[in-house]
Amino acid sequence: MTRQVWALCHPLRYKCHECGVTYTARYWVVRVSGGEFIEPCRRGKYIAIGWNRLGDLSWLSDSKTGADETKKKLYNSCAKKYKRRSKTQRNIDVSQVYRFVREMKMDDFVLSPTSKRTVLIGKITGDYYHAHKDDCESRQRRPVEWIKEIPRDDMSQELRNSLGAHLTIFKLARHDKELGALIEGERLPIRLEKKYKEKAGEESIVGEVINFRGLVYAPMNEQGVIFLFSKVSKDLNIEIEEIKTGFPDAIGRVKTSRGYARRTIEFEYKSSHYDHLPEKCDIIVCWEHDWTECPKEIEVISLKDAIKELPE
């Protein structure tokens, strides 16, 4: 059975003429440097990600090698090429790159936000390849047939919220019907999300439902971030040895190749809330990373992104 003999029988489903089996295509979001290089991608008919130091990753496409063995080899490569990244960041790197090279399949759809409040939608037409230097800095690529460009305002609020995740690559779920309609040039009736006025003095305000390790709702403040961090610090390979009442909020140890190194840690609800000298802080732990001009010397751990990679 080969994908070359598949015929499109629905925007979401493909049928093999040889055996009659129907396959459902998936939707992936791939960010290209905040939309900076999306025009070269459009012209060149490809989608691209960075991680250029890893070189040619064609070996990842070998389906004969098991997923665990492949990811271990990829992790070791990330550890050599990106020495300053934490174990959590490397695990996220491995997950992102593995998805792009091996999990994304031909005939899957890819969505890439642009800087013009639009989203490009295309269909993956081939396997991964490594590109040489050109007008796009990102070298890891997949060929794409771009189908159309859709204004974000034509999408439901729920879909726009899903597109807002900070990960470079992630799979969209629960939006197949709406996306299929948008590709066909239709617009589903957008359900109004009524918002009610706040009452003066009301105290019971909660975040979105996350149901993560006994925490029902997402943090709404710095205290919630600290509480959630306490549930995942072991997963992040951070040992806390001191909690302070002033700046920095905590002193911890992180696992490096040489052992556990000392790090100063500051907790914030959003990373942009940080208002201390950059050189005095090693790590910001936050719920949402929204600080676009964050100094490179500060490592930011977004718990909103991190818990997506952790078991509940």
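The values are calculated or read from the model by the stated rules, or taken from the named source; none is laboratory data. All figures in this text were calculated on a predicted structure; none of them were measured in a lab. Cβ sites come from the backbone with ideal geometry, for glycine too, and all protein chains shown count toward neighbours.
Numbers below:
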{"item": "Positions within region 130-147 being part of a loop (DSSP other than H, G, I, E, B) and buried (at least 17 other Cβ atoms within 10 Å of the Cβ), in sequence order", "result": "C136, S138, R139"}
{"item": "Criterion (buried (at least 18 other Cβ atoms within 10 Å of the Cβ) and under 20 Å from D56 (Cβ atoms)) met by exactly one of I150, I124, I92", "result": "I124"}
{"item": "Residue, modelled with the lowest pLDDT, within region 29-55, restricted to residues that are hydrophobic (A, V, I, L, M, F, W, C) and part of a helix (DSSP H, G or I)", "result": "I38"}
{"item": "Identity of the residue in region 57-96, modelled with pLDDT of 85 or more and in contact with a strand residue (DSSP E or B) (Cβ under 7 Å, 6 or more places away or on another chain), that ends up farthest from V32 (Cα to Cα)", "result": "S58"}
{"item": "Selection count where residues are within 24 Å of P151 (Cα to Cα), of a type in the set (G, A, S) and part of a loop (DSSP other than H, G, I, E, B), scope region 90-129", "result": "1"}
{"item": "Residue among I183, I169 that is surrounded by 12 or more Cβ atoms within 10 Å (Cβ to Cβ), hydrophobic (A, V, I, L, M, F, W, C) and at pLDDT 85 or above", "result": "I169"}
{"item": "Criterion violated by V232 - all others in (1) surrounded by 10 or more Cβ atoms within 10 Å (Cβ to Cβ); (2) out of contact with any strand residue (DSSP E or B) (no Cβ under 8 Å at 6 or more places or on another chain); (3) free of Cβ contacts under 8 Å to residues at least 60 places away in the same chain; (4) not small (G, A, S) satisfied", "result": "(3)"}
{"item": "Positions within region 69-83 being of a type in the set (S, T, N, Q) and in contact with a Gly (Cβ under 9 Å, 6 or more places away or on another chain), in sequence order", "result": "S77"}
{"item": "Matching residues, region 247-298, being loosely packed, with under 12 Cβ neighbours inside 10 Å and either within 17 Å of D235 (Cβ to Cβ) or among the hydroxyl-bearing types (S, T, Y) (or both)", "result": "S257, T292"}
